[in-house]
Each structure stands twice: as structure tokens, then as C-alpha cells.
Amino acid sequence: MSQATLLFVDHDPAASAPLAGALPAGVRLVHCTGYDQARKLLQGKHGVAVAVLELGLDGADAFALLEELQQHSPSTVRMVLTSSGSQADAVAAINRGRVWRYLARPCPPRELAGHLAEALRAHAADVQERKGARQRLLGGVKVLVDILELVNPEALDYSRRIRERVLTTGRLLNVQPLSRLELAVTLSHVGCLALPGEIVAKMNTGQALTPEEQQIFGMHPSIAASLLNNIDTLAPVARIILHQSAPLHDGQPLESRIIKVALDVDRLENRGADAVKVLESMRGKARAYDQTVVEAMLRAVYRPEPVPVRRVGLAELREGMVMAEDMVNADGVKLLLRGQRLSAASLARLAAFPETLGLHGPFLVLAPEAGAGGGQGQDQG
């Protein structure tokens with residue numbers, strides 16, 4: 001079990017000393033004498049279960065710190081200690097949703113320890129609830145991805161091709177939380193569920209689209225956003241996807257700008273262009289592309305060594321393997337795409353209808369030891 005951290009911000013270095021022996025086992029007590037010191041601690045990515053702040057140390061900075069905690073660490077239980085002259089500020093903070101509880105001074109150590117124990121229990125319950133909510137959310141996302149894979153695997157190929165490049169760029173730019181960017185790139189083309197498959201296939205293979213087809217394809221981000229906005233927790237992801245193909249503007253989320261650059265690079269790379277040269281050509285085009293994203297993606301681009309491949313029969317296919325060539329049935333229909341990672345859903349479909357699908361092995365796949373890391377298998381063959 002990970003250790004819970006209690007952040008205590010008080011001008012008196014000895015104020016938290018009586019709590020040291022009164023806290024539950026496994027709780028780490030960290031005392032800061034000012035908001036700036038506490039802010040530096042938080043920037044160091046220390047997980048904080050409970051934060052207790054004395055009001056009035058540096059004026060309004062206490063409220064700025066409370067807002068940072070609320071935004072970047074929503075599971076942290078926030079409490080404030082007040083003197084009689086600052087109780088109005090504490091009440092205002094509670095009314096604005098910034099703190100869980102305020103304690104008036106003087107507050108005896110035993111009473112304070114009791115409040116802190118209750119706050120730690122509230123934090124543990126909130127963490128479990130958030131974990132359960134995230135598992136339910138990821139389950140719903142997996143269903144959407146599996147449906148897209150069955151209905152329109154070419155659309156899913158977009159997100160698979162750009163996924164690692166987008167996430168690496170996000171890490172370099174310290175995008176927080178990175179999980180939001182990961183969800184956005186995973187669901188970036190889920191709106192293609194509503195589009196004709198032949199249009200998506202033409203776009204995916206670099207074929208020219210008619211003006212009408214371009215207009216239809218350009219609808220998929222707004223379709224995805226409308227779909228995902230029905231799930232409250234996916235509203236920020238929906239906003240990212242909505243703007244992922246839009247012209248650069250001030251209100252565009254950073255995650256959208258990253259995906260936009262990756263998609264434009266992928267589109268030209270799919271026509272035979274070199275990714276590095278494409279990115280270098282984006283330098284200086286500040287009206288079209290976020291230059292910090294372009295520079296970060298240049299650092300993210302790499303050329304892996306050739307990956308070993310092997311031929312396997314249908315019964316040897318396993319979840320996680322990466323196709324080194326398209327899987328085509330007897331009628332010439334593509335069932336799986338080169339670079340596509342085998343999922344449980346695709347394996348179940350292949351196993352259930354081998355004769356109906358007209359499968360004839362063996363199939364060329366990346367060697368398991370090479371395919372386990374994912375990301376760039378589509379460049380091999």
C-alpha cells in the first residue's frame with residue numbers, strides 16, 4: 001500500500017509536531033512554513049492525501065494554492081486553519097468549493113488529529129471511487145474501440161499510427177494529465193463510425209478525395225465530440241478531438257495541437273514523405289502549427305531498426321501481436337491492417353468465422369519480443 005502524505009502549511013515549524021505520534025500508521029507528515037515552499041513540493045509531483053493550510057501567510061496566495069490543488073490534485077482533501085479574523089475568508093472558500101472543512105484556532109492536537117483521520121478516510125474513499133469510475137470509463141472506451149475495429153478498421157489505423165508519436169511529444173511538453181491525451185488519440189477517429197467506409201479507406205491510403213468526400217471526412221471530429229459529450233468525464237477529451245483538425249487558434253487545447261501536427265505529418269508520410277523533412281518544413285509556419293509542438297515532435301521522431309517477422313497459422317495468433325502485412329480474405333477484403341495490433345475482439349471474430357471470412361494462412365506478424373512495445377509496427381514489412 002502506498003504511503004499517504006499529509007501536507008501541513010503553517011508559519012510555526014513546531015505547529016505540526018504534536019501530530020507526529022497521533023496520525024495513523026503509514027501517513028507521511030510534511031510541514032511547510034509558506035505557500036511557495038508548498039508549491040515547490042507539489043511541483044515535485046508528491047502525492048498529497050490531505051492538505052491543511054493556515055490562512056493569511058502570504059495574503060491571497062493561500063487561495064491560489066487551494067485552486068491549484070483543486071485543479072491538479074482533485075482527490076486531495078483540503079482544509080484550512082483560521083484565526084478569528086480570517087473566518088470570513090474560510091467560509092468564502094468553502095462556499096466556492098475550495099476546501100472540505102475549516103478549523104478555528106486554537107484547535108487542540110487531539111481534536112485536530114481526529115479531523116485529519118476523518119479527512120484521510122474521506123481521501124481513501126474518494127480514491128477508490130475515482131478508481132472504479134476510471135475502470136468503468138476505460139471499459140466504455142474499449143467497447144467503442146472494439147466496435148470501430150469491427151466496423152471500420154481503417155479509421156482505427158489512424159490513431160494506432162500516430163499514438164506513440166503523440167504520447168512521446170506529450171511527455172516532452174509535460175502535458176498533464178497524459179491520460180487525457182492518451183484517451184483523445186485513442187478515440188481521435190471514433191467519429192468515422194458514422195462515415196462511409198470507402199471514404200475512410202481512400203483517405204487512409206492517401207488517395208485523392210472529391211470535394212464532397214473531403215467535406216464528409218471532415219465531419220468526423222464533430223461527430224466524435226457529439227458522441228463523447230454524452231459522457232461527463234469525457235467532455236475534455238471531446239473538446240480535444242473537436243479541435244484536432246481545426247486551424248491554429250488561441251483557444252485550441254495543447255493536446256489538439258499535438259494531434260493536429262501528428263495527423264498532418266502522417267498524411268504526408270503516408271504518401272511517401274519523410275517525417276523529419278515534413279516537420280522541418282513546418283518550422284516557421286507559426287500561423288498553421290504550434291512551433292513548440294513541432295520542435296518537440298522532431299525530438300520524438302525516430303527510425304527503429306528493422307523488426308524480425310515470422311509466419312504463423314491462424315491458431316498461433318495471439319493478442320498483442322502486430323500484423324506485418326494486411327490480412328486479406330479470399331475476396332480481397334482487408335480484415336486486419338498492416339501495423340494493427342491484435343485485440344481480443346479481433347481474435348474472437350477470426351476464431352468464430354474462419355471459413356465464412358475465407359482465411360488462408362500463414363500470416364506475417366512481428367516477432368513477439370519486438371511487437372510487445374507497440375507503436376511503430378506499421379513501418380515494417
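The values are calculated or read from the model by the stated rules, or taken from the named source; none is laboratory data. Since the structure is predicted, the reported quantities are computational estimates derived from the model, not experimental observations. Backbone-built Cβ (ideal geometry, glycine too); neighbour counts: all protein chains shown. These area figures cover heavy atoms from the full protein model, side chains too; ligands, DNA and RNA do not enter into them. Shrake-Rupley method; radii C 1.70, N 1.55, O 1.52, S 1.80 Å.
Residue pairs whose Cβ atoms lie under 9 Å apart, separated by 6 or more positions or on different chains, with the first residue in the range 319-334 and within 18 Å of Ala351 (Cβ to Cβ) and the second open to solvent by 50 Å² or more (accessible area, probe 1.4 Å) and in a loop (DSSP other than H, G, I, E, B), are Gly320/Ala372; Met323/Arg338; Met327/Arg338; Asn329/His360; Ala330/His360.
Looking only at residues that are assigned to a helix (DSSP H, G or I) and in contact with a Leu (Cβ under 8 Å, 6 or more places away or on another chain) in the range 231-244, which one is most open to solvent (accessible area, probe 1.4 Å)? Across the range 231-244, the extreme among qualifying residues is Thr233. Being at pLDDT 80 or above, of a type in the set (A, V, I, L, M), farther than 30 Å from Gln340 by Cβ and not in a helix (DSSP H, G or I) is a property that holds for Val80. Figure legend. Inter-residue proximity from the range 32-43: first residues in a loop (DSSP other than H, G, I, E, B), second residues open to solvent by 90 Å² or more (accessible area, probe 1.4 Å), beta-carbon distance below 9 Å, spacing 6+ or different chains. Indicated pairs: Thr33/His11; Thr33/Pro13; Gly34/His11.
Within the range 205-230, how many residues are open to solvent by 70 Å² or more (accessible area, probe 1.4 Å) and in a helix (DSSP H, G or I)? Qualifying residue count, the range 205-230: 6.
The single condition among (1) over 22 Å from Phe217 (Cβ atoms); (2) within 23 Å of the chain's Cα centre (by Cα) that Leu248 does not meet is (1). For the residues Leu187, Leu120, the requirement of being under 26 Å from Ile258 (Cα atoms) and open to solvent by less than 70 Å² (accessible area, probe 1.4 Å) singles out Leu187. Cβ-Cβ distances below 6 Å connect the following pairs, each with a first residue in the range 100-123 that is at negative phi and in contact (Cβ under 8 Å) with a residue 12 or more places away in the chain, a second residue that is part of a loop (DSSP other than H, G, I, E, B) and open to solvent by 60 Å² or more (accessible area, probe 1.4 Å), and a separation of six or more residues or different chains: Arg105/Ser83. Pairing residues of the range 146-165 that are over 14 Å from Val322 (Cβ atoms) with residues that are part of a helix (DSSP H, G or I) and among the charged types (D, E, K, R), at Cβ distances under 7 Å and at least 6 apart in sequence or on separate chains, gives Leu150/Arg349; Ile162/Asp266. Only one of the numbered conditions (1) under 19 Å from His220 (Cβ atoms); (2) open to solvent by 40 Å² or more (accessible area, probe 1.4 Å) is violated by Arg105, and that is (1). Every condition in (1) without any contact (Cβ under 8 Å) to a residue 24 or more places away in the chain; (2) surrounded by fewer than 16 Cβ atoms within 10 Å (Cβ to Cβ) is met by Pro247 except one, and the failing one is (1).
Does Ala133 satisfy the condition of being in a helix (DSSP H, G or I), open to solvent by less than 50 Å² (accessible area, probe 1.4 Å), touching a helix residue (DSSP H, G or I) at 6+ places or on another chain (Cβ under 8 Å) and within 21 Å of Arg341 (Cβ to Cβ)? Spelling it out, it is not the case that Ala133 is in a helix (DSSP H, G or I), open to solvent by less than 50 Å² (accessible area, probe 1.4 Å), touching a helix residue (DSSP H, G or I) at 6+ places or on another chain (Cβ under 8 Å) and within 21 Å of Arg341 (Cβ to Cβ).
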